[in-house]
1. Among 76, 214, what's the order by accessible area (1.4 angstrom probe), most exposed first?
2. So, in Å, what gap is there between the alpha-carbon centers of the range 146-187 and the range 226-273?
3. Roughly what would the spin-label model give for residue 137 and residue 57, points 7 Å off Cα along C-beta, in nm?
4. Peptides 195-208, 129-142: what's the order by average Cβ count within 10 Å, highest mean first?
5. Just from its helices, what would the mean residue ellipticity at 222 nm be for the chain, if runs of 4 or more DSSP H residues each count -39500 (n - 2.57) and the sum is divided by every residue, rounded to the nearest 500 deg cm²/dmol?
6. At 0.36 nm per residue, and after removing the present C-alpha to C-alpha distance, how many nm does the segment from residue 232 to residue 182 gain when stretched out fully?
7. Between residue 215 and residue 102, 0.36 nm times their residue separation minus their Cα-Cα distance comes to what?
8. Under the 0.36 nm per residue contour assumption, what length would be gained going from the current alpha-carbon distance of residue 240 and residue 199 to full extension?
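The values are calculated or read from the model by the stated rules, or taken from the named source; none is laboratory data. Please read all numbers here as calculations on a predicted model, not as lab measurements. When we count neighbours, we look across all protein chains shown, and the Cβ atoms used for this are built from the backbone with ideal geometry, even at glycine. SASA here: full protein model, heavy atoms, side chains in, ligands and nucleic acids out. Shrake-Rupley method; radii C 1.70, N 1.55, O 1.52, S 1.80 Å.
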Amino acid sequence: MDTDGRAAGALLARARTLHLQTGNLLNWGRLRKKCPSTHSEELRDCIQKTLNEWSSQISPDLVREFPDVLECTVSHAVEKINPDEREEMKVSAKLFIVGSNSSSSTRNAIDMACSVLGVAQLDSVIIASPPIEDGVSLSLEHLQPYWEELENLVQSKKIVAIGTSDLDKTQLEQLYQWAQVKPNSNQVNLASCCVMPPDLTAFAKQFDIQLLTHNDPKELLSEATFQEALQESIPDIQAHEWVPLWLLRYSVIVKSRGIIKSKGYILQAKRRGS
């Protein structure tokens, strides 16, 4: 085991929380895998390479401190938005709840995204459907605690607009009727339907909800995939003790030109029992 791996293993053995952020993937240069075939493959590759880069740059001071919260980043790729250019950028995010049943994860994720990007507010946040047990249909009750937290973030001006993902017409209508802050968009996975369902299209048109498309898998990051990536990068740890709580994918687009200026991932994981 190399010294880098030992230091990372020692830190992870004592820490309770891991914050992992890739920085701007467009700044990765040699780290970037040229053509990941799927979003899941890209994400796993990003997690492993971020862990590898971080573990190769651990300072002796950090090892002496043994912090409760580890900030794991690719330091050369971190890029905040220039305040003078903020008005020219659209900052969007999609939030995936992975292993958390706490709606506070929503606020943590948005606060961290704003901090990472150096902005006071995100223009648009879409929440992926939260995980539910096999055989159970997604209901309004599953979404409500997360949506209420998003509404609070809109009211406190942390987010401008909020949207949903993979809701059918009935689910979208139930959310729309209940919500104080209405969804302004709903993503539809084209793998599950080549044509937008007519009832969903009609409802969205009536209430001015944008229908967008996406090709994310149903489960972008599983607990097992995260633990495998952790174990491969830092073999000297008990990877099964670590559970990913949420994952946020962001993009910064130059409004006038439609060009992606920055994109990346942020995730939070906790050690079981901590």
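1. The ranking, largest first, comes out as 76, 214.
2. Their Cα centres are 24 Å away from one another.
3. 4.9
4. Final packing ranking: 195-208, 129-142.
5. The per-residue figure over the chain is -10500 deg cm²/dmol.
6. 13.7 nm
7. 38.1 nm
8. Net length gain for the segment: 10.4 nm.
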